[in-house]
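The values are calculated or read from the model by the stated rules, or taken from the named source; none is laboratory data. The shown structure was predicted, so the numbers you read here are calculated from the model rather than taken from an experiment. Quick reminder, even Gly has a Cβ in these numbers, built from the backbone with ideal geometry, and neighbours come from all protein chains shown. Ligands, DNA and RNA are stripped out before the accessible areas are found, and what is left, the full protein with its side chains, is counted by its heavy atoms. Shrake-Rupley method; radii C 1.70, N 1.55, O 1.52, S 1.80 Å.
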Amino acid sequence: MYHTFLSPPDVGADERRLLIEAFDSNWIAPLGPHVDAFEREFAQLVGVPYAVALSSGTAALHLALCCLGIGAGDEVVTSTMTFVATANAITYVGAHPVFVDVSRETWTLDPDLLDEELTWRARRGKQVAAVLTVDLYGQCADYSYISDMCRRFGVPLVEDAAEALGSTYGSRSAGVFGECAAFSFNGNKIITTSGGGMLVTSRREIADLARHLATQARDRAPHYQHSAVGYNYRLSNLLAAVGRAQLKSLPRKIARRRDINEEYRRRLGSVPGIAFMPEAAYGRSNCWLTCLTVAPELFGATREDIRLYLESEHVEARPLWKPMHLQPVFRASEMRGGLVSEDLFERGLCLPSGSNLTAAEQTMVIEIVAATPAAVSSSARGMTHA
């Protein structure tokens, strides 16, 4: 049996009850009382006036850029260390991503390099259309610095908070720092609706436009009339019911993920060559995934050795996100910096971190990681004797 507890869904009786309630109500389409309630409850949790429930976090990113009027030929600065959806959404509107490296201290968008990029462009009259931050693995970007910078350069800020529901920057929640923000409820996120996402904003006009575009941009008329290109992006009432139940258990899920993170650090943090993703002093991460880096010259094995040894024991682990500037599809995109993200990708690994990971399962993972150097050495000796 393959143990896929990297970040599996954590669902139970409440999700089943609300899902059946939604089904029995006959509200099946992408509208209904659970959609409305999910939006209200989510907005209240994050601390914004408006939330729009959508079919994916990618859809939320796409509509965020659409609502800000970003389009063909524009350029959007974003972190190179992210899942590809961040960069894909920029291309959906015809814009071009400009990648900036991350800080080694936070693994999020490096504010100093961002300042360099925006300053360089301002001097040449090449202002970007937006800055799209990424709250990586549950850690918020440095919003005090970045928000002030965006205001100084007159550039709108959009937040990719797909991985960061429940995380904070100071006393404020992830998702409140830009013109709008996107969250994901994909099956591997800290809460899930199977598939889904949410756009949040403090501006009513953005929320209204996002809802309009997400429902095929249908005009107010008794017949089907369309004055703009729209999308089929709304979340169904059934999945919104699941989302409402998931929201109720969010504090428990975050507490469990932080416990898992702390246990990994306690038992592996003193191992030579093993280091964990830093938690920035300015906030509190939801610890969506616990990530470490490996210095093979100290540990005695590589990141890939650990991953393959876990795989041989039927346990899933994955490398960190491959930086966007290294992806073939974005090889022609502009890039500032890159050495930090390249190093993190080369040496970084995501460990099993799901909220329903048991103590016994975590102990198994820890023991396999710790035993990897000996296993690699034994294998090498066996090959030499052969």
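How many of the residues making up the stretch 89-147 are surrounded by fewer than 23 Cβ atoms within 10 Å (Cβ to Cβ) and among the aromatic types (Phe, Trp, Tyr)?
Adding up the residues that qualify gives 3.
Considering only residues that are exposed (fewer than 15 other Cβ atoms within 10 Å of the Cβ) and in contact (Cβ under 8 Å) with a residue 12 or more places away in the chain, look in the stretch 242-275 and name the one that is farthest from residue 9 (Cα to Cα).
So the residue we want is 272.
Testing residue 37 on (1) under 24 Å from residue 246 (Cα atoms); (2) open to solvent by 10 Å² or more (accessible area, probe 1.4 Å); (3) among the small types (Gly, Ala, Ser); (4) over 18 Å from the mean Cα position of the chain (by Cα), one condition comes back false. Which one is that?
(2)
The conditions are (1) modelled with pLDDT under 95; (2) on the phi < 0 side of the Ramachandran plot; (3) open to solvent by less than 10 Å² (accessible area, probe 1.4 Å); (4) of a type in the set (Gly, Ala, Ser), and residue 221 fails exactly one of them. Which is it?
Here residue 221 clears every test but (3).
Any residue in the stretch 208-232 that's under 20 Å from residue 65 (Cβ atoms): show its pairings with residues that are modelled with pLDDT under 95 and buried (at least 18 other Cβ atoms within 10 Å of the Cβ) at Cβ separation under 9 Å, as long as the two are six or more apart or on different chains.
Between residues of the stretch 208-232 that are under 20 Å from residue 65 (Cβ atoms) and residues that are modelled with pLDDT under 95 and buried (at least 18 other Cβ atoms within 10 Å of the Cβ), the close pairs are 214/30; 215/30; 232/30.
For the stretch 306-327, does any single residue satisfy the condition of being hydroxyl-bearing (Ser, Thr, Tyr), more than 25 Å from the chain's Cα centre (by Cα) and assigned to a loop (DSSP other than H, G, I, E, B)?
So the first thing to find is which residues in the stretch 306-327 are hydroxyl-bearing (Ser, Thr, Tyr), and the list is 309, 312.
Right, trim to more than 25 Å from the chain's Cα centre (by Cα) and you get 309, 312.
Subsequent filtering for residues that are assigned to a loop (DSSP other than H, G, I, E, B) retains none.
Checked against the condition, which is being hydroxyl-bearing (Ser, Thr, Tyr), more than 25 Å from the chain's Cα centre (by Cα) and assigned to a loop (DSSP other than H, G, I, E, B), the stretch 306-327 yields no hits at all.
Considering each of 239, 235 in turn, give the residue that is buried (at least 22 other Cβ atoms within 10 Å of the Cβ) and out of contact with any strand residue (DSSP E or B) (no Cβ under 8 Å at 6 or more places or on another chain). Lay out the reasoning, then the answer.
Values: 235 fails: out of contact with any strand residue (DSSP E or B) (no Cβ under 8 Å at 6 or more places or on another chain).
After applying the criteria, what remains is 239.
Within the stretch 276-284, is there a residue that is in a helix (DSSP H, G or I) and either closer than 30 Å to residue 35 by Cβ or open to solvent by 50 Å² or more (accessible area, probe 1.4 Å) (or both)?
At the first step, the residues of the stretch 276-284 found to be in a helix (DSSP H, G or I) are none.
Checked against the condition, which is being in a helix (DSSP H, G or I) and either closer than 30 Å to residue 35 by Cβ or open to solvent by 50 Å² or more (accessible area, probe 1.4 Å) (or both), the stretch 276-284 yields no hits at all.
Which pairs have Cβ atoms under 8 Å, sit 6 or more apart or on different chains, and link a residue in the stretch 186-199 that is in contact (Cβ under 8 Å) with a residue 40 or more places away in the chain and buried (at least 20 other Cβ atoms within 10 Å of the Cβ) to one that is among the hydroxyl-bearing types (Ser, Thr, Tyr) and in a strand (DSSP E or B)?
Between residues of the stretch 186-199 that are in contact (Cβ under 8 Å) with a residue 40 or more places away in the chain and buried (at least 20 other Cβ atoms within 10 Å of the Cβ) and residues that are among the hydroxyl-bearing types (Ser, Thr, Tyr) and in a strand (DSSP E or B), the close pairs are 196/184; 197/184.
For residue 360, only one of the following conditions fails: (1) outside any helix (DSSP H, G or I); (2) open to solvent by 10 Å² or more (accessible area, probe 1.4 Å); (3) within 28 Å of residue 165 (Cα to Cα); (4) modelled with pLDDT of 95 or more. What is its number?
Just one mismatch for residue 360, condition (1).
Could you say which residue among 138, 73, 57, 94 is over 24 Å from residue 338 (Cβ atoms), touching a residue at least 24 places away in the same chain (Cβ under 8 Å) and of a type outside the set (S, T, N, Q)? Talk me through it step by step, then tell me what you get.
Values: 138 fails: over 24 Å from residue 338 (Cβ atoms); 73 fails: touching a residue at least 24 places away in the same chain (Cβ under 8 Å); 94 fails: touching a residue at least 24 places away in the same chain (Cβ under 8 Å).
Result: 57 is the single residue among 138, 73, 57, 94 that is over 24 Å from residue 338 (Cβ atoms), touching a residue at least 24 places away in the same chain (Cβ under 8 Å) and of a type outside the set (S, T, N, Q).
Scan the stretch 347-356 and tell me whether some residue there is at pLDDT below 95 and surrounded by fewer than 20 Cβ atoms within 10 Å (Cβ to Cβ).
Yes: one or more hits.
Of all the residues that make up the stretch 44-68, how many are surrounded by fewer than 24 Cβ atoms within 10 Å (Cβ to Cβ) and not in a helix (DSSP H, G or I)?
7
In this structure, does residue 336 turn out to be among the charged types (D, E, K, R), open to solvent by 50 Å² or more (accessible area, probe 1.4 Å) and either touching a helix residue (DSSP H, G or I) at 6+ places or on another chain (Cβ under 6 Å) or in contact (Cβ under 8 Å) with a residue 12 or more places away in the chain (or both)?
On the way: among the charged types (D, E, K, R): yes; open to solvent by 50 Å² or more (accessible area, probe 1.4 Å): yes; either touching a helix residue (DSSP H, G or I) at 6+ places or on another chain (Cβ under 6 Å) or in contact (Cβ under 8 Å) with a residue 12 or more places away in the chain (or both): yes.
For residue 336, the condition - among the charged types (D, E, K, R), open to solvent by 50 Å² or more (accessible area, probe 1.4 Å) and either touching a helix residue (DSSP H, G or I) at 6+ places or on another chain (Cβ under 6 Å) or in contact (Cβ under 8 Å) with a residue 12 or more places away in the chain (or both) - is met.
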